[in-house]
Structure formats: structure tokens, C-alpha cells
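Please read the structure below before turning to the comments.
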Amino acid sequence: MYTVKSYMQLLHVFLLVVLPYLNLALSSSGVGDHAETIRCIERERQALLNFKQDLIDDYGRLSSWGSTKDCCKWEGVHCSNHNTTTSHITMLDLQTEDYLRYQHLGGKISPSLHELHHLRYLDLRSNDFSGPIPHQFSNLSNLRHLDLSGNYMLNIENLEWLSHLSLLSHLDLSGVVLSKATGWVQYINNLPLLKELHLSECFLPDITHSSSFRSNSSVSLSFVDISSNSLSSSIYNWLFNFSSSLAYIDLGSNELKGSIPDALGDMLSLTILSLPWNQLEGGLPKSFANSSHLQSLDLFCNNLVEELQEFLQKMSGAKNSLESLDLSSNRLKGPLPDFTRFPLLRALCLDNNSLSGSFPKDIGSFPSLIFLSLSENQITGSFPNLSVFPSLESLQLQNNQLNGNIDRSIGQLHKLRVFSCAFNLLNGTISEAHFSNLSSLWYLDFSYNALTFNFSSDWVPPFQLDVIKFSSCKLGPRFPKWLRTQNEFSDLDMSSNGIAGNFPSWFWDLSPGLQYLNLSHNQINGLLPDLSLKVHDTLLEIDLSYNLLTGPVPPIPPSLTFLKLSKNKFRGSLYLLCANTSGSLIYLDLSNNLLSGELPYCLSQFKRLSTISLAYNNLYGEIPISISSLSQVQILNLHSNNLSGEVPAWLGTHLTSLIVLILRSNEFNRSIPRQLCQLNRIQILDLSQNHLSGNIPPCFSNFTSLQVESNNYDVTTYYNSETYAYDGGDRNGLMSLGGTYVANAFVQWKGQDQEYGKNLGLLKTIDLSSNKLSGKIPEQVGSLAGLHSLNLSRNTLTGKIIQEIGQMKMLESLDLSANKLFGEIPGSLAHLNFLSVLNLSINNLSGEIPLSTQLQSFNATAYSGNPNLCGLPLPNKCLGDPPITPQPKDKSIQQDEDRSITQGFYVSMGLGFFFGFWGVFGTILFNSRSRHAFFMFLNHITDWIYVTIALNWARLQRRL
């Protein structure tokens, strides 16, 4: 039976629990004194409005700010809910999501935010805020989470305000410029509750003061990312303060040198350690045997040198925790060990090392492995049995020495998405059985192997590929019909596949997402359709060079950036190119065809052109001045046409980016314009076999790129490459697609025409041969100390060979033949240690050839045709040289020598050999110290020989 007291208790519960919800319902329905309950405090509301005034909001992201009096309902604003009448702002989240990156906020961060005293969470990441951080931020004493990352225009010179945020647990300033924020470590040390620290890409100043190493804070810090700065190894000492709490350390892309510290292995709480892109040396410390919680170790791109077996042995403590191991781009060596000792391993990256040997034969099952990269090593032997990797999604074995057939066990990897075995020694036949269960496959690269593909004509693959690379395999002679079933690929490379005949009618109706097409080095013939109508706007790159295609050059898609149709039989003019008005073309190579007519003026509409090669055609007329607008051109190759007129002076004043200019074998006349001297980036200048006259401009000394050895420009062009990642998001799962193209050009090198591609940017040559140039060789030419080849032959040059030629230290080829040069050969010519080709023939040189190992090593033909020249290697001797005749030996001396060889001589020689040999060899054999010293001596000699050969080989490679 209820008492009065019981009823009073029930009423009290009702008032405490039910009534607040009733009031809330009434206020939301408009019942009561006010139609709207305003929780926002006016002072904080005004602070937000002041903050908004300093912002640039072009996309109206903050349009709700001010639309209602209750700021707790504004975009990105969150208030406390413990009080139904008034609430403080506790969270301000204005981050820009990746998919809305174009809707970023700009402007400055207003000091008015310091009025938000109860703010606990502030996230302004991935915007475009600029200027400094207001020092009033120090008033935000309740702040727990601060994220300003991705605001690359922010510049913080003083972090003193940071030390007042004593409750801060999460700090992210990644991408904010902190280059002048000296003492940043001390301010971090004053944050006792800090757990996560993100300072990547901040241009952090290095730690120089020893007091910075000591931390006053608690041991709560568990996450540190200070990658992509310029920090030295001194940063370790600060991190060791948190050895008991740190679980995540990222020091990638810094300037760490020397060995990996032992203390890192003693951090028992460490689970993630990332040290890529540094200069670490040696091997792994033995202390890592204690790392029983280590899940991920990333040492990509360092200088580690150790046997892989020994390296992994030191990680024995992590055998039950390790999930990801990246040792790519180091100098690890030795055979492949059995990795099944790490049963949880999901990603293993060992590419670009010096690993050798074959796959372990008795390797056990590896059920967890998803990603395996062993590319760019010296792994030999047969293709491995892949059935031991049932979960594999990405397998990269390219650039090794694997041989034999590809095991059919690959067909069992139903999860496999990425497979590359390019650049190996594999052979045999690829059949449908190899792909029986590969329904997930989307990246496939068999390039540069001796593989033959044998599929039935009605085969339908179980996959839809995105990347298809079969270069230098045998697919032909017919176009593979199974390709017709693939409608999602973006990258197709079937170059050097033995494909012949016309394009099938269905070919140009392929994937709408096609970006890269390479069918070069086949025997495809016939006409090309109007590519601007046949393919979609996604197509960026086409390479159909080295085929038998005929007819006119078709109109090209407006999206195209790369077009290579060289070594075909295209005819007619180039005016069909004018139909493309988009101007997106970067690379154009139509060399070695049958094209005729004049150079079209419309080339000027391709403002982004970097390479133009129209060599070996039948073009005529002058170079149109419209080309002068192509300011980004690096390579202009018009070799072997019928072009005439003057060499345009505007080549030097407008095309100032030129690295390669080849106008060889045309009909150009008049003198060389002095304006060419303004091409200070030029490395290859070939004006040979024309009708140029006049003097060689002395201002050639202005070619600054030819004055030093190390100033080599890169003429490799990289095009719009898509990047894909395997599921899991690991950085090493990234596959770069699309083309990497190298400009090709025929250059006369050491007297022979040779085609250069990737090494084109390493050549530095001037060829003015076979013209009508006169006058003296300018002394200023001697300042081109980085020049590799100088050819001034077959002109009418006079005067002496300049003494300054000895300053051209890198010269490897010098041809001054068939001129009217006179006087003596300068002695400084003997100082050119790299000179391997010399031709001074057919001149009026006189006197003695200077004596040197270098000059006497050339054949006599290098000096022939100079009647007044004498000395070796020429047969005619110089006046005053004593005759070289053999002198007979005196008979008495001969008799004395014979009498000295007596029986005692042979006995002495035998005893000397016995005691000498056994005195040395016996000591080595029976005395361990002597034996050790002797073999150490042999090791030192071997090392010295190896290093000498390696250095000379490296130098030779740089020269080539």
C-alpha cells in the first residue's frame, strides 16, 4: 500500500526524468513563451561571426552561419548538451574532406576564436588558411584535439602559445611551415597529456641544444610522425624519453645517417617503425630480437648492407607479431630465406636489392601473405610454386633472372589482382589454364620474356583487365580475339609481338577508358582511321612506330599528349594535325616517313610541345616563325629534310628551353645567327651538312650547360600516370601505370650515326661539320669544359688549333679534319685524358706531334694529309731525330755473361727457391697469425682491385 512518502518519491522521479523531455518537446513545437530555444551564448556566437569575416568562402560552406541565432545549429559547430538553456561551443570541425578538396576555405584564422574558452576539439585541416597562428590560441586551455594539417600557406614562427594547452592529447600541424620555430621540442615537452604528434612536412629545424633531449612531460606519448623534414640522427635522443610508451614512430624522408640505434629495438611497446628515405647504413641491431610487439617495419630506400638471412634472424622476437616488412631499395644480399617463420606476415617488399639464388624448395604454406615484391634482384632458378600463397593479391617478380616455364599454380590464386614477371628469362607457352581462376586479376605484365601465348579463338577470360602489358612476347601474327572481351582496360602494350596485317574492324571500338596504347615494332599495315572520332577523350598516348602503316597522318584526339608514328610509310602533308585545336600535345614524333610539303603554321597551337621530331622526311621550305611561340620545346629535330633559308635567329631568343637542336642535312644557308648563343641549356647542337658560311660565333662560350660536367638535363618525359593501390592501402602496393617516354634522336657520335634514347640527355655535342664555315676557331670554345664531342670537319676554317683546347677536359671525340688549319698541334691536346676519337687529317699542320701516351695511341690516319707534320705515329721522322738502329752486343760481354751461368748458379737458384718458398709458405701454413695476416693482405689487394674497377666502370657509364 502506497504511502504519502511513496507518492512524493514518484513525483520527484517524474520531475527529474520526464519534465525535461516535455519542455524540449514543447519548445520544438513552438508551444511556450519562445518558438525557438537558443542554446548558443552570445559572446561565443559573435566570436564565430568575427572568425567568418576573415575567411574566404567561395563555395558557401558556411552559409548557415548567421541564418539562425542558435550557433549550435551552424555547420561544423557542436555544443555541450548538459544544459538545455545555454551550451558552450566544445567542437569546431571545418575540415575539408578529400572529395570536396576544391571547396576549401581560405583567408586568415581570426584571434576571435580565443573567446571559445570551452573548446575541446578544433579541426581546420586541408584548407588554404594563410598567415600566422594568433598567439591568443594560448587561451584555449580546454583544448584536447588540434588539427591544422594541410594548410600549406600557414607559417608559424613561434610555438610558445602551444605550451599553455596543457590538456592537449592530439596535435597535428603536418604541412604547416615551422622552419623558424626553433625550440619546438621544448614546447612539445610541456604538453603532459599529449598522445599523438603529427609534424610531417613542416620543414622542422634540427635539434641542436642538448637540453632539448630531456622531456619534462609524462610518458603518455604513443604516436609520433615527424617524417619529411630535414632532421638528423640527433632526434633519436629526444624520442628515447618515451621508450616505454611509444607505439608508432615515423621518421621517413629525413637525413638520418649511420647505424640504426640499438635503443629502438629496446622499445618494447613499439608496433610500427617507419624509417624510409634516409641514409641508414649497416644492418639491423641485435636488440630487435626484443621487439615482440613489432607489427610493421619500413626501411625502404636506405643503404643497409647485410645478409638477408642474418637480418631476419635478428627479428626473431617479432615472429608472432610482424605483419608488414619493407626492405626495398637497399643493398641486402644473399639467398631468399624461408619467410614462413613469420606466419602473420601480410606484406613483404624486398625489391631493388642484391638478393640471389632461387626460391626455397621446401617452403611451407604462407596463408596470410597478400603482397609480395621481389623485383629488381638477381633471383635465378625456375618459377616458384605459388600454391603456398593462397591469399596473394599482388605478386611482383620483374627484373630478375627467372627461367623456364611459368608454373600453372598461378591459376589457383583466385584473389590475385596484380601480377608482373617482366624482364626475366621465362619461356614456354602460356595457355588458358594459367588463368583458370584469376577472376580478380586487373594488372598483368609478361613483357620482355620469350613467352608464347596459345589461346583458342573463342576463349573468354575470367577477368577484366585494367593494365595489359605483353611487350616482346609472341602473340601474333593475328590480333588476339580475347582482347575483344576486355572493355575496362586503360593501358595496352602489345609492342614487338609479331602482329601483322590490318587492324580488325572491332579494334577501335575497345575500352572507353583507354589512356595508353602501344603497338609499336610490329608489322601492322593499312590505313589509320580518323582517331579523333574513333577513340574517346581519355586516350592520352599512342605509339604505333615501327610498323608498315600508310596513307595520311589522321586527325588526332584532342586529349592526346603523346603521338609517335615514326618508322612507317605515312605520306602527304602535316596539315591534318591542324584539326586538333586543344593544344594538349606534348610529344610529337613523325620521323622516318614519306611526309612532304611545308611545316604547317598550326604547330604553334600546341603550346605544351616539348619534343618535335620530323627527321628523315621530304619536308621543304623555311621554318615558320609561328614555331617561335612554342616556348616549352626542349627537342627540335628536323634532321634530313629539304628545309631551306636561314637558320632562324628567333630559335635562340624564343625557344630558350632547347636542349637538343638538330637541323642536320638540310639546305640552310647564310651564317650561324649569334642569337643561338642565348640557348644556355643546349647540350646537342647539330647544324652539320648544310650550306652555312661565315665564322663560328665566339659567343658559343655562353652555352653554360656545356661548361661543366655535372649539368645534365633530363629529356625523359613523364605523362599522366594513374596510380592504383591494392586493397589494404599499403604504400608499396602502388602500381604506376601509363607511359614513360624518352625522346629519341640520331646523333653523330665518334664518327657514326647512332640513335639515342634514355641517354640522350647525357650527351653534350656540337656538330658544325660539312658546311662552308671560315675564319678561325674562336678561343672561347675552350671554355666548354663539359663538351663530349666537337666536330668542325669539312669546312674552310683557318688559323691554328687553339691552345685552350686542353681545357676541354671531358672531350671524347674531336674532328677538325678537312679544313685549312696550320701551325703546330698544341701540347695541351695531350691533356685530354678521355679522348678516344681524334681526326686532324687533311689540313696544313706542321711540326712534331707532341709526345704523350694519348696522342701516340691513335692511328696514323688521324694525322694524315698534313705534309709538314712529323713524329709518331706518322712514318716520317722529324729533322734532328737520331736514327733508331739495333746495336750489336760486344762478344766479350756475351762470353762473360755465359761464364757467369755455372753449375753453382743453378744450385744457388734451387736453394734460394727452396728456402724462399718454404720460408714464406711454411710460415703461412703452420703459423695461424701469419696465415691470417697473409690472407688479410690478399683480401685488401682484392678489395683494392674491385674498388678500382668499380670506380672506373661507374665513370665509364657516366660517360656513355
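The values are calculated or read from the model by the stated rules, or taken from the named source; none is laboratory data. Remember, it's a predicted structure, so these values are computed and weren't measured experimentally. In this analysis, Cβ positions are derived from the backbone assuming ideal geometry, glycine residues included, and neighbour counts consider all displayed protein chains. Just so you know, the surface numbers come from the protein's heavy atoms only, side chains and all, with ligands and any DNA or RNA stripped out. Shrake-Rupley method; radii C 1.70, N 1.55, O 1.52, S 1.80 Å.
Leaving out ligands, DNA and RNA, what percent of the accessible area of region 279-357 is carbon and sulfur, probe 1.4 Å?
45
With all protein chains present, how much of the accessible area of region 814-857 (probe radius 1.4 Å) comes from carbon and sulfur, to the nearest whole percent?
52
Which value, in Å², gives the accessible area per residue of region 221-358 when a 1.4 Å probe is used on the protein heavy atoms?
34
Would you mind working out the accessible area per residue for region 589-660, using a 1.4 Å probe, and quoting it in Å²?
Counting only protein heavy atoms, the per-residue value for region 589-660 is 31 Å².
How many angstrom separate the Cα center of region 107-139 from the Cα center of region 169-206?
Using only Cα atoms, the two centres lie 16 Å from each other.
What nm distance separates the two modelled labels at Thr452 and Leu533, each placed 7 Å from Cα along Cα→Cβ?
Inter-label distance under the simple model: 4.1 nm.
Hey, what do the phi angles of region 334-344 turn into as Karplus ³J(HN,Hα) couplings, whole Hz, using 6.51/-1.76/1.60 and θ = phi - 60°, x for Gly and Pro?
So the Karplus estimates, Gly and Pro as x, are x, x, 6, x, 7, 8, 5, 5, 10, x, 8 Hz.
What nm value, rounded to one decimal, do you get for the distance between Asn405 and Ser391 when each label is placed 7 Å out toward the C-beta?
3.1
Cα centroids of region 826-850 and region 238-265: how far apart, whole angstrom?
Using only Cα atoms to place each centre, the spacing works out to 59 Å.
Just to be sure I understand the model, the point goes 7 Å from the Cα along the line to the Cβ. What's the resulting Asp362 to Lys257 distance in nm?
So the label points at Asp362 and Lys257 sit 4.6 nm apart.
Quick one: pull the percent of accessible area on region 508-553 belonging to carbon and sulfur, 1.4 Å probe, ligands and nucleic acids left out.
That fraction is 59 percent.
If DNA, RNA and ligands are ignored and the probe is 1.4 Å, what is the ranking of His114, His414 by accessible area, most exposed first?
Of His114, His414, the descending order of accessible area is His414, His114.
Cross-link list Lys569/Lys772; Lys333/Lys415; Lys257/Lys314; Lys73/Lys195: which exceed 23 angstrom alpha carbon to alpha carbon?
Table pairs above 23 Å Cα-Cα are Lys569/Lys772; Lys333/Lys415; Lys73/Lys195.
On full extension of the chain, what length is gained from His117 through Ser244, given 0.36 nm per residue of separation minus the C-alpha to C-alpha distance?
My answer for the length gained is 42.4 nm.
On a full-extension model of 0.36 nm per residue, what is the gain between Ser582 and Asn303, subtracting their alpha-carbon distance, rounded to one decimal in nm?
95.8 nm
If you roll a 1.4 Å probe over the heavy atoms of the protein chains, what accessible area per residue do you get for region 98-202, in Å²?
Heavy-atom SASA per residue in region 98-202 reads 39 Å².
Grab the Cα-Cα distance for Lys772 and Trp459, subtract it from 0.36 nm times how many residues apart they are, and report the gain in nm with one decimal.
Stretched fully, the Lys772-Trp459 segment lengthens by 106.2 nm.
How high is the FRET efficiency from Asn437 to Ala289, r the C-beta distance, R0 51 Å, rounded to 0.05?
In this case the efficiency is close to 0.80.
Taking region 444-549 as the region of interest, what is the percent of Cα-Cα pairs per 10 angstrom bin, listed from the shortest bin to the one with the maximum distance?
For region 444-549, the binned pair fractions read 15, 51, 33, 2 percent.
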